[in-house]
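The values are calculated or read from the model by the stated rules, or taken from the named source; none is laboratory data. Quantities reported herein were computed from a predicted structural model and do not represent experimental measurements. No Cβ is skipped: glycine too gets one built from the backbone with ideal geometry, and neighbour counts run over all protein chains shown. Side chains are part of the model used for accessible areas, which takes the heavy atoms of the whole protein and leaves out ligands, DNA and RNA. Shrake-Rupley method; radii C 1.70, N 1.55, O 1.52, S 1.80 Å.
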Amino acid sequence: MADSSASGTPTGAADSESNTEKRHADVHNFILARVDKALSEGLDPSALRTRFPPEPNGFLHLGHAKSICLNYSVAERGDGATMNLRFDDTNPEKEEQTYIDAIREDVLWLLNEDGKAKQLTDLPSFGVERFASSYFEEIYQAARQLINKGLAFVCSLTPEEMTQTRGTLTSPGQNSPYRDRSVEENVKLFEAMRNGEFEDGQHTLRAKIDMASPNINMRDPILYRIRRTEHHQTGAIWPIFPMYDFTHPISDALEGISHSLCTLEFEDHRPLYDWVMREVDFATLGAPDVPALPVQIEFARLNLNYTVLSKRKLKRLVDENIVNGWADPRMPTIAGMRARGFTAKALNHFCRMIGVTRSDAVVDVSTLEFAVREDLNERAPRAMCVQDPLKVIITNYPEGQTETLDAARHPQNPDFGARTVPFSREIYIEADDFREEANKKFKRLVLGKEVRLRNAYVIRCVDCVKDAAGKITELHCEYDDKTLGRDPEDRKVKGVIHWVSAAHAVPLTLHLYDRLFSEPLPEANKDVDFLEGLNPNSLQVVEGALGEASLAQDGGGFPLQFERTGYFIAAGPQAPGVYYRTVALRDTWAGGADDNG
């Protein structure tokens, strides 16, 4: 925009809430209630610590946003409380530095509503960044402890044999024939595993718990497996890698995590989490002296209709080139939503709106779109853009004359200031804003009737020109020079339409994004490939759109409302003149759109 500040934020635009304020203080859920109870019972606020533990094997999506917001809201409950970012990098075959960098950027962006923090440690309630691989030595020593206590053994069953002895939900498993190896033999074998003396899959280290447990996760679970592969953080030092269920509690304890928040699928894993907490001597591993060991609490994951939030399925969309990478604006990834013009404040607001429960439910995607509209309505300056241009010649306007009109950048907030809009004899309006004949519900331009041009004059259509095929190619109108900024004295004009000056219009290409799936629950039918539910109209590219003159200086990075059309954001300098639609002005899937525009 012509008078944007250097940062790309309009002068006078309302700032987001400061990160120093407790943005989630108005939200109450069972987890925050439990935390508050612990604080009221004497938990030192500085000992309140959570962690967000993403796997660096893909980009973060909206479900992760819910977890980040929840963990950070807990950290905001007490002075000195913090949230750590811990990369769960125990599966190097699927992990990449690209994902690590993207996760850092996403977490910072989501929690940095006011844009003041330059790095994660600038956030007031952020603790430290760690990798699970940072604790590989300590985790290895914890495994040695369990072996020496007779609580872990090296198993030489093949994966197929192990599956056969696992048992079912209704029948117990069978002990491994290697379960009774001596402590000395297990120590020797585990050390040989550590030294890279065996091939992948030749041995595993298993906990010795109870093969008859009704919880299959407690039936002598695997703690370590052999993977002779390069690790992005540790190189080739480690040919063995711990399983997540073993890594998770040890990492929590070493970081002094007070509340380990997980989604409900980890509820059946909690007994193993607690078993590790009981059986490992963390003091000898360098764990901080804290009042109590971490406690795991589960909550329902986010389920959103017209969307998939499975990282495996999202990766398939990327790998099969159905979308243009993880940051495609149609993707429910944080990077994709950011590219599309969603704001961090809107996503945080959405996470507060949906709440935190222990009951699985499907959230309607319109709730997310509502949160985005609500935020952008306040912060987005206005501009005019014509998607399907129809030329209008104002026959009684002086030829060669250009008039500069003032227009508010935001109708409800004068602090945004004004922009200038050129007006001339030839303009463009939306083709569907004109009809030769229309009923009284149509509040736009009709042959022989009047309409007001936004921020300009009232015009009357006196003629329409058609080509040989009968298509309207041009309108001839007359303007009332006494209606600039005022209504006609002798009549009432109800309709208002947007327009651009033909001589000053900026050519634009619009990417109209919509829901990626047309099926409400694309994963519901397990017998049908979820890709069958793709929305063929999830992206429509509109060439030949025309924007008002001020858009020639829009550097991108800040949302706009194209009046009566939707919220858009410039794609950026890599694609000049391209605008992405963030969201339409109304829910087009709900139906009930009228003729009033």
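Counting only the backbone N, which residues of region 239-265 are under 20 Å from the spot 7 Å out from the Cα of Asp360 toward its beta-carbon?
261-265
Report the paramagnetic label zone for Glu267: residues of region 303-317 whose backbone N is under 19 Å from a point 7 Å from Cα along the Cα-to-Cβ axis.
Hits in region 303-317 for Glu267 at 19 Å: 303-304.
Kindly rank 70-80, 244-254, 529-539 from highest to lowest mean number of other beta carbons found within 10 Å of each residue.
Ranked by mean Cβ neighbours within 10 Å, highest first: 244-254, 70-80, 529-539.
Whole Å is fine, so just give me how far the alpha carbon centre of region 68-112 lies from that of region 166-212.
33 Å
Students often get this wrong, so try it: which of (1) 0.99; (2) 1.09; (3) 0.97 is Rg/Rh (Cα atoms, Kirkwood Rh) as calculated from the structure shown?
So the calculated entry is the one marked (2).
Please label the shape of region 203-315 as rounded, prolate or oblate, based on the square roots a ≥ b ≥ c of the eigenvalues of the alpha-carbon gyration tensor (a/c under 1.5 means rounded; beyond that, a/b larger than b/c means prolate, else oblate).
Cα axes put region 203-315 in the rounded bin.
State, to one decimal in nm, how far the label point of Asn413 lies from the label point of Ala469, with both points 7 Å from Cα in the Cβ direction.
About 4.4 nm separates the two model spin labels.
Any chance you could look up the accessible area of Arg581 with a 1.4 Å probe, heavy atoms only, rounded to 10 Å²?
For Arg581, solvent-accessible area is about 40 Å².
Hey, for a label at Gln97 modelled as a point 7 Å past Cα toward Cβ, could you say which residues of region 227-246 have their backbone N under 20 Å away?
It comes to 229-238, nothing else.
Based on the Cβ-Cβ distance of Ser182 and Tyr244, what FRET efficiency does E = 1/(1 + (r/R0)^6) give at R0 = 25 Å, to the nearest 0.05?
Given R0 = 25 Å and the Cβ-Cβ separation, E is 0.30.
Taking the DSSP beta bridges in the chain as the whole, what percent of them are antiparallel, to the nearest 5?
65 percent
Say the cut-off is 29 Å between C-alpha atoms; which of Lys311/Lys526; Lys345/Lys443; Lys315/Lys345; Lys37/Lys315 go over it?
Violating the 29 Å Cα-Cα cut-off are Lys345/Lys443; Lys37/Lys315.
At a 1.4 Å probe radius, carbon and sulfur cover how many percent of the accessible area of region 445-597?
The value for region 445-597 is 47 percent carbon and sulfur by accessible area.
Before anything else, pin down the relative contact order of the chain: Cα pairs under 8 Å, at least 6 apart, normalised by residue count, whole percent.
13 percent
Does anyone have the angle between helix 244-255 and the longest principal axis of the chain? Alpha-carbon axes, 0 to 90°, nearest 10?
90 degrees
Show that you can apply the helix-only estimate: for the chain, add -39,500 (n - 2.57) for every DSSP H stretch of four or more residues, divide by all residues, and state [θ] at 222 nm to the nearest 500.
Value at 222 nm, helices only, nearest 500: -7000 deg cm²/dmol.
From the phi angles alone, apply the Karplus equation (6.51, -1.76, 1.60; θ = phi - 60°) to region 186-199 and give each ³J(HN,Hα) in whole Hz, x where the residue is Gly or Pro.
With the stated coefficients, region 186-199 comes to 5, 4, 5, 5, 5, 5, 5, 4, 4, 7, x, 8, 10, 7 Hz.
Answer with one residue from His410, Ser46, Pro288: the one whose Cα lies farthest towards the positive end of the charge dipole of the chain, charges on Cβ with Lys, Arg +1 and Asp, Glu -1.
Positive-most Cα among the choices belongs to His410.
Please label the shape of region 163-206 as rounded, prolate or oblate, based on the square roots a ≥ b ≥ c of the eigenvalues of the alpha-carbon gyration tensor (a/c under 1.5 means rounded; beyond that, a/b larger than b/c means prolate, else oblate).
Because a/c hits 1.5 or more and a/b fails to exceed b/c, region 163-206 counts as oblate.
Between region 470-508 and region 375-426, how many Å separate their Cα centres?
Cα centroid to Cα centroid, the span is 11 Å.
Taking C-beta distances below 4.7 angstrom as the pairing criterion, name the unpartnered cysteines of the chain, in sequence order.
Among the cysteines of the chain, those whose Cβ sits 4.7 Å or more from every other are Cys155, Cys262, Cys385, Cys461, Cys464, Cys477.
In debye, nearest 20: dipole of region 145-259 around its Cα centre with unit charges on the Cβ of K, R (+) and D, E (-)?
Computed about the Cα centre, the dipole is about 160 debye.
Within 15 Å, Cβ to Cβ, of Tyr567, how many net charges do the neighbouring residues add up to if Lys/Arg are +1 and Asp/Glu are -1?
The answer is +2.
Which value in nm describes the separation of the simple spin-label points at Lys313 and Arg104, placed 7 Å from the Cα toward the beta carbon?
3.2 nm
State the extension gain, in nm to one decimal, for the chain segment bounded by Asp406 and Arg228, taking 0.36 nm per residue of separation less the distance between their alpha-carbons.
Here the answer is 57.3 nm.
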